[in-house]
Amino acid sequence: TIQNIASFMPGNFAVYQLKDGGLLTVYFSPGVPGLSGRTSEEYINEVVHNAIGAVLDDDREFIRAAFTAAAGGAETECSYRLSNKKGGFAWIHIRLRLIGEWHGSHAILVVFLNSPAESELYQALVDHSSSRVMVVDRKSLRILYVNRAAREAKRGGGVNFADSFCYEYSKGCGKRCADCLMDSMKPGEVREQ
């Protein structure tokens, strides 16, 4: 059945099995590994047997909630960050739907909706800016994105921005800054520093 779906399905997709609280990859189309900068062999070795392991820690609750909803019969969408082989992460947007059972567990079809070319275009636009850009999650203070100018400034003391906190990367501190900008910012507000 999966091979029949694969022969008619355009774009990138995968089928996952929910089993014992884990997420196993049953099938993935050839373009899926490239979404995270991996080859097919690397994807098989690093992601297939523990698909949720490549998802950044802060986003795992979104993935679990989306798969739980899909297992209950709801078609759902979810965005999350997947670790990238080249460092950092890739933003992934998916649509999920229950398609049956696989060896006694729920089988979920996942369609990857974002185009790597589209993501790269937006990243290239911001990367060509001479201004330093850092996007931070207000709640967790984890860094979502750092552009080239900010990475090249090396203000982070060697800290990789993927899964790092803003205070670690920008100031080399081990805890939230006493004068944290997030305390006075509104959702979606942009602030220059």
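The values are calculated or read from the model by the stated rules, or taken from the named source; none is laboratory data. These numbers were taken from a predicted model, which means no experiment stands behind them. Cβ coordinates were reconstructed from backbone atoms using ideal geometry, including for glycine residues, and neighbour counts include every protein chain displayed. Surface areas here come from the heavy atoms of the whole protein model, side chains and all, with no ligands, DNA or RNA. Shrake-Rupley method; radii C 1.70, N 1.55, O 1.52, S 1.80 Å.
For this structure, a couple of remarks:
- Ligands, DNA and RNA aside, Lys186 has an accessible area near 140 Å² when probed at 1.4 Å.
- A 1.4 Å probe over all protein chains sorts Leu125, Leu181 by accessible area into Leu125, Leu181, starting with the largest.
- Applying D = kT/(6 pi eta Rh) to region 11-71, where Rh is the Kirkwood radius over alpha-carbon pairs, T corresponds to 25 °C and eta to 0.890 mPa s, the Stokes-Einstein value obtained is 204 µm²/s.
- Ranking of Asp127, Asp20 by solvent-accessible surface, largest first: Asp20, Asp127 (1.4 Å probe, protein heavy atoms only, all chains present).
- 14 Å beta-carbon shell around Gly21, net charge (K/R +1, D/E -1): +1
- Region 20-131: radius of gyration over Cα atoms, expressed as a fraction of 2.2 N^0.38 Å: 1.12
- For Asp137, Asp183, the ranking by accessible surface with the largest value first comes to Asp183, Asp137, using a 1.4 Å probe.
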